[in-house]
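Worksheet: one structure, shown below.
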Amino acid sequence: MDSRKTVLISGGAGYIGSHTAVELINAGYDVVIIDNLSNSEKEAVDGVRKITGKDVAFEIVDTCDKDALRKVFEKYRFDTVIHFAAYKAVGESMAEPLKYYQNNLVSFMNIVEMMKEFNRPNVLFSSSATVYGEAEHLPVTESTPRQPATSPYGNTKQIAEDILRDCCRAYPDLYGIALRYFNPIGAHPSALIGELPRGVPNNLVPFITQTAAGIRECLSVFGNDYDTPDGTCLRDYIDVVDLAKAHVAAVDRMTEGKMKEKYEIFNIGTGNPVSVLELITTFEDVNGLKLPYKMAPRRPGDVTAVWAETTLANEVLGWKAERRLGETLKAAWEWEKKVRGV
Ligand code: UD1
């Protein structure tokens with residue numbers, strides 16, 4: 001394995017991690033996946049192997065366990081880590097803040113510390129558009145001020161960004177990129193990997209596909225009295241395969257020594273705002289089905305609208321979202337059907 005072309009992926013059995021592993025391998029990288037399987041299945045790694053035809057290295061490791069992580073650094077040589085491993089349920093983070101701070105921050109600090117200890121240069125962090133909160137101007141650019149986090153989950157994203165910025169500033173050999181994802185949706189076109197939430201999904205698209213599969217009775221649209229064209233919230237839904245390719249572009253930038261700053265931030269979205277109702281209608285149209293849904297009260301903590309200004313990612317990373325919403329929602333449904341045997 002060439003260390004420059006090898007990437008450690010923490011949380012690589014998860015939704016975005018597994019898709020990123022596939023695209024990195026397709027682009028000629030070797031990957032090492034670590035995951036504690038706390039919110040993922042090892043079958044996702046099998047899916048990555050099937051899609052790529054490569055025998056991907058996989059270790060069950062909790063990134064909060066520094067000694068176990070050190071063993072991974074001793075065993076494999078890689079220049080780059082992509083850190084996905086984190087809890088991500090907003091509501092749960094309000095009820096159990098310590099669980100979130102403990103897991104999301106300790107794991108990230110362990111990763112950065114090991115990178116420093118082993119002189120490995122590149123850290124790519126999985127951040128979120130949640131850092132923008134209810135922004136004053138839309139679309140948001142990377143220099144739009146972050147708003148105070150409204151949940152411990154969101155706060156862990158902000159704090160981890162700051163940790164990475166400060167460490168890149170302090171340690172001469174360390175470089176960092178934070179990718180701020182908008183709303184990742186969809187699944188790999190092979191239907192071999194996709195999103196697999198445990199219990200009742202918090203996010204819109206998994207709730208839609210589970211409703212279409214008959215697992216949920218009815219979808220609730222959280223609020224139709226927002227100040228938007230149809231009254232429902234606007235988001236920037238980004239196909240998970242496009243998102244995975246953005247990671248490849250960022251890893252290329254780091255490994256080819258093209259970074260202009262030691263720490264850089266990129267918005268990863270489509271640049272197109274889509275309402276909840278538009279998303280539902282598109283899902284129904286492309287998949288030829290009707291979805292039972294009803295209007296419901298607003299969900300506390302939701303922002304009215306957020307979508308990305310993508311110029312920086314387009315021009316500097318040379319990356320652009322390509323897949324159309326309809327294709328993405330078709331892939332999401334194909335995956336759900338496959339998982340449920342519908
Ligand atoms: C949520 C998180 C965000 C996190 C992201 C990860 C909140 C408040 N925010 O974003 O911090 O980074 O997930 O993917 O949870 N909706 C319904 N009915 C549903 C589910 C959702 O109408 O059953 C609506 C929501 O009100 C929102 C839109 O669908 O307007 C998208 O919701 P969701 O998929 O949960 O994403 P975000 O809330 O944007």
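The values are calculated or read from the model by the stated rules, or taken from the named source; none is laboratory data. Note that this is a predicted model, so its numbers are computed, not measured. We place every Cβ from the backbone using ideal geometry, glycine too, and count neighbours over all the protein chains shown. In case anyone asks, the SASA skips ligands and DNA or RNA and just uses the protein heavy atoms, side chains included. Shrake-Rupley method; radii C 1.70, N 1.55, O 1.52, S 1.80 Å.
Numbers below:
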quantity: Top-ranked residue of segment 202-215 - restricted to ones that are surrounded by fewer than 18 Cβ atoms within 10 Å (Cβ to Cβ) and under 19 Å from the mean Cα position of the chain (by Cα), ranked as farthest from the ligand (Cβ to nearest atom); calculated: 202
quantity: Residues located in segment 73-99, provided they are within 24 Å of residue 243 (Cα to Cα) and in contact with a Pro (Cβ under 7 Å, 6 or more places away or on another chain); calculated: 79
quantity: Of all residues making up segment 253-297, the number that are within 16 Å of the ligand (Cβ to nearest atom) and without any contact (Cβ under 8 Å) to a residue 12 or more places away in the chain; calculated: 2
quantity: Residue 270 vs. criteria open to solvent by less than 20 Å² (accessible area, probe 1.4 Å), over 18 Å from residue 219 (Cα atoms) and either among the polar types (S, T, N, Q) or in contact with a His (Cβ under 6 Å, 6 or more places away or on another chain) (or both); calculated: no
quantity: Top-ranked residue in segment 114-158 [being within 16 Å of the ligand (Cβ to nearest atom), charged (D, E, K, R) and assigned to a loop (DSSP other than H, G, I, E, B); ranked as farthest from residue 247 (Cα to Cα)]; calculated: 134
quantity: Filtered residues of segment 298-320 (kept if within 22 Å of residue 208 (Cβ to Cβ) and either without any contact (Cβ under 8 Å) to a residue 24 or more places away in the chain or more than 16 Å from the ligand (Cβ to nearest atom) (or both)); calculated: 300
quantity: Residue that is of a type in the set (A, V, I, L, M, F, W, C) and touching a Ser or Thr at 6+ places or on another chain (Cβ under 6 Å), where the choices are 94, 114; calculated: 94
quantity: Enumeration of residues in segment 216-252 that are aliphatic (A, V, I, L, M), open to solvent by 10 Å² or more (accessible area, probe 1.4 Å) and within 13 Å of the ligand (Cβ to nearest atom); calculated: 234
quantity: Candidates 10, 40 - the one that is of a type in the set (Ser, Thr, Tyr), open to solvent by less than 20 Å² (accessible area, probe 1.4 Å), touching a residue at least 60 places away in the same chain (Cβ under 8 Å) and within 20 Å of residue 255 (Cβ to Cβ); calculated: 10
quantity: Filter result for residue 189 (at pLDDT 95 or above and either closer than 28 Å to residue 279 by Cα or among the aliphatic types (A, V, I, L, M) (or both)); calculated: yes
quantity: Any chance residue 177 is in contact with a Leu (Cβ under 7 Å, 6 or more places away or on another chain) and in contact (Cβ under 8 Å) with a residue 24 or more places away in the chain; calculated: yes
quantity: Which numbered condition residue 297 fails, given (1) modelled with pLDDT of 95 or more; (2) closer than 30 Å to residue 124 by Cα; calculated: (2)
